[in-house]
C-alpha cells in the first residue's frame, strides 16, 4: 500500500532568471480577477548597485509567502484567515469583516483591501488550479522559468531538488513567520 | 524607500483615544468611590456617568472603519486568544455593559425608570468586576499595536504601558475638565478636595508616561536596524515636531507643570490646593489633545514602518 503523505506546498524563485517582465502579475490578475488597482504578487527591483561601469541589478518576484506560522492568521479576530494542512493560507470571505488587522501583521505587505467586497484578499496559491492538478498561474506564465512551486515533503519534486542543490534564503527570517517561499540567487 | 499605505486612519485613532478616556474615567471613578465615597462622591458619580459614553462612540466609529460593518457579529462568534483584537472586542462589549449598569446606579432618583434591587451591592460589584475590565480596555489598545512584529515602530511591550497610563491620564483630565467647567453643587472645601485628588493622581500618571517614553527612545537607538529606522519618524522624520512639541511638551510637560504648581504647595506646606478653573480647563485640555496626538503619531507612524532585511 502506498503511503499517503501530507503535502506542503512551497514556492522556489530563481532570482537570476527574473527579467522583470511582470507577466506573473498580469497572469495572476487575469486568473484571479484581481481589481486593477491591486496586485497579489510583485517584482521588486534591487539596485542598481555599484559604480559605472561595474553595475548590477536584480529582480525579486514575490507574493503571499504562505508562512508556516502566519502572523496574519494569529491576529485574525474572526478566524477568517486560516492555514490548510498543505500549508496554503486562505481568507474565508464569509467570516472576514475587513478590519485590516492582518494587513498590519503581514511583514511582507502581501495583503490588500478589496474596497468593493469590503474584505481583505491575497494570493490563494491558485488553490483552484493546484487542486485540479495544474500549476499556479504565476508559475505557468513565467516565461524564463524563474518561478517554481511544488510539494517540499516529496523529495523527488522539482522544488525539493532545487533546494537540495542550491543555496537558498527566505525573506525577513527575523519575523519568525517561516515563509514558504525560497529564493535562490 | 517602500511605499506605505495608511489603512488605519483617523477613525481608528479617535477610537483608541475615546476608549482610553472611558477606561480612565471608570478607573478614576472606582478609586474615588473606594477611597472616600463621601468626600469624592462627585468624582465617583461623574466618572461613572462618563465611562460608557466615549467608548460607545468609539466603537461606532470602529464599525464604520470595517470593510463590512454589518458582519461585525463575526467577532462574537469566536474568542481567539492569540488575537488582541478578538480579546479586545470582548472586553469592550463587557466594559460597556458594566459601565452602563454602574452609571445607572448613580442616576438621580427622579431619572430612574426601573428601580434596581440591592443598588449598593450592584454599585460595588460593578466596580470590582469593572476595574480589571477597564484596565484591560486601557492596556489592550497598546497590545493591539505592540504585538505586531511587522511594524517595528509599534513592536515594543512599553507601548501597552504608555497607552494604559495615557488612557488613565486622559480619563482623569476629562473629569478635571468637567469639574472645572461645571463647578458642581457643593461647598468650596469639597471642590478643593476633588481638585486635589484629580491633580495628585494625574501628576503620578504623567510622570509615569514620561518615564515610559524615555526608555522607548533610548532602547530604539540600541535595537535592531528595523526599529532604529522606524523611530526616525519622530526623530527627524514626518512626526518629529508633532510628537515632541505636541505630545511631549504641550501634552505632558506643560500640564504637568501647571498641575504641580497647583497641587505641590499643598503637599509640602499646610496650604490649600489652588483652585483655579482656568488652569484646570487649560491643563486638562492640553492633556486630552496630547493624548489624541500620541495615538495619532503612533497609529500613523507604525504603518509607515516596516521590517528591513
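No value in this document is a laboratory result; all are computed from the given coordinates. Note that the coordinates shown come from a computational prediction; the quantities given were computed from them, not determined experimentally. So basically every Cβ, Gly included, is an ideal-geometry build from the backbone, and we count neighbours across all protein chains shown.
A compact globular protein would have a Cα radius of gyration near 2.2 N^0.38 Å; the ratio found for segment A:105-173 is 1.36. Shown for A:68, A:167: other C-beta atoms within 10 Å of each C-beta, ranked fewest to most, produce the order A:167, A:68. Among B:7, B:209, a tally of other beta-carbon atoms within 10 Å of each Cβ gives an order, fewest to most, of B:7, B:209.
Translational diffusion of segment B:178-284 was estimated from the Stokes-Einstein equation, with Rh taken as the Kirkwood radius over Cα pairs; at 37 °C and 0.692 mPa s the coefficient is 207 µm²/s.
Using C-alpha pairs below 8 Å separated by at least 6 residues, the relative contact order for chain A is 31 percent. Convex hull volume per residue, computed on the Cα atoms of segment A:34-73, equals 120 Å³. By the Kirkwood approach, averaging reciprocal distances over each pair of separate Cα atoms, the protein assembly as shown gets a hydrodynamic radius of 25.2 Å. Legend: ranking of residues B:148, B:216, B:6, A:13 from fewest to most surrounding C-beta atoms inside 10 Å; resulting order B:6, B:216, B:148, A:13. Let me make sure I get this right: for segment B:264-309, a, b and c are the square roots of the gyration tensor eigenvalues over alpha carbons, sorted descending. Under 1.5 in a/c it's rounded, otherwise prolate if a/b > b/c, else oblate. Which is it? Taking the square roots of the gyration eigenvalues as a ≥ b ≥ c, segment B:264-309 is oblate. Here chain A was treated as a single set of alpha-carbon atoms; its pair distances binned every 5 Å from 0 give 1, 8, 15, 20, 20, 16, 10, 5, 2, 1, 0, 0, 0 percent.
Pair-distance distribution of segment B:103-181: all C-alpha pairs, bin width 10 Å, starting at 0; shares per bin in whole percent are 17, 28, 30, 17, 8, 1. Secondary structure note: in the protein assembly as shown, about 85% of the DSSP beta bridges are antiparallel. Using every Cα-Cα pair within segment B:10-303, state what percent have a distance larger than 37 Å. Tail fraction, whole percent: 16.
Peptide A:168-178 has a mean shielding of 2, counted as Cβ atoms of other protein chains within 10 Å of each residue's Cβ. What is the helix-to-structure angle for B:277-303, meaning the angle in degrees between its Cα long axis and the longest Cα principal axis of chain B, kept from 0 to 90 and rounded to the nearest 10? The two axes meet at around 30 degrees.
Between segment B:101-158 and segment B:1-68, the alpha-carbon centres lie 9 Å apart.
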